[in-house]
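Report on the structure given below.
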Amino acid sequence: MGVLYVTSDLFFSSRMTSLARDRGIAIDVVAPVAVDQKITTDVGLVLIDLAQRSLDIASLVQVVREKVADATLIAYGPHVDEASLSAARDAGCDEVLPRSQFDQQIVSILERFQQEDSSGSD
């Protein structure tokens with residue numbers, strides 16, 4: 001299973017790609033408009049950057065759930081953007097974090113995904 005990272009942030013996506021690949025995790029970075037074309041049943045974790053102007057979180061979550069109902073969705077955004085964080089919770093994301101917390105926890109999130117993925121494939 002792989003990771004789908006929904007963002008337009010080239011700097012942070014580069015870091016995320018490196019962290020995932022260092023752990024042997026396949027990762028695709030896509031803009032919100034491309035999620036419908038990129039989401040496959042091989043995706044087990046979807047990371048969503050809420051700080052994107054064109055993001056419709058409710059529609060994105062619906063598309064992901066229709067294609068891979070058991071994927072874990074983790075959204076993050078600026079702690080001052082309560083509306084986006086709340087909308088992500090309401091849309092059904094499994095976890096919603098402020099960006100600072102996501103940044104601190106990303107390695108453990110990837111390692112947890114990797115452990116769940118390897119235990120689920122037995």
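Any read-out appearing in this document is the output of simple, stated calculations on the displayed coordinates, not a laboratory observation. As the structure is a computational prediction, the values presented were derived from the model and not from experiment. With ideal geometry, Cβ positions are generated from the backbone for all residues, glycine too; neighbour counts draw on all protein chains shown.
The calculated FRET efficiency for Gln62 paired with Glu82, based on their beta-carbon distance and R0 = 22 Å, is about 0.50. Distance between the pseudo-spin-label points of Val107 and Ala31 (7 Å out from Cα toward the beta carbon): 3.3 nm. FRET efficiency for the Ser119 to Arg23 pair, using the beta carbon distance and R₀ = 22 Å, is estimated at 0.90.
Just checking my list [x] 2.15; [y] 0.97; [z] 1.03 against Cα Rg over 2.2 N^0.38 Å computed from this structure; which label fits? Evaluating Cα Rg over 2.2 N^0.38 Å on these atoms matches [y].
Modelled spin labels at Asp9 and Asp94, positioned 7 Å past Cα toward Cβ, are 2.0 nm from each other.
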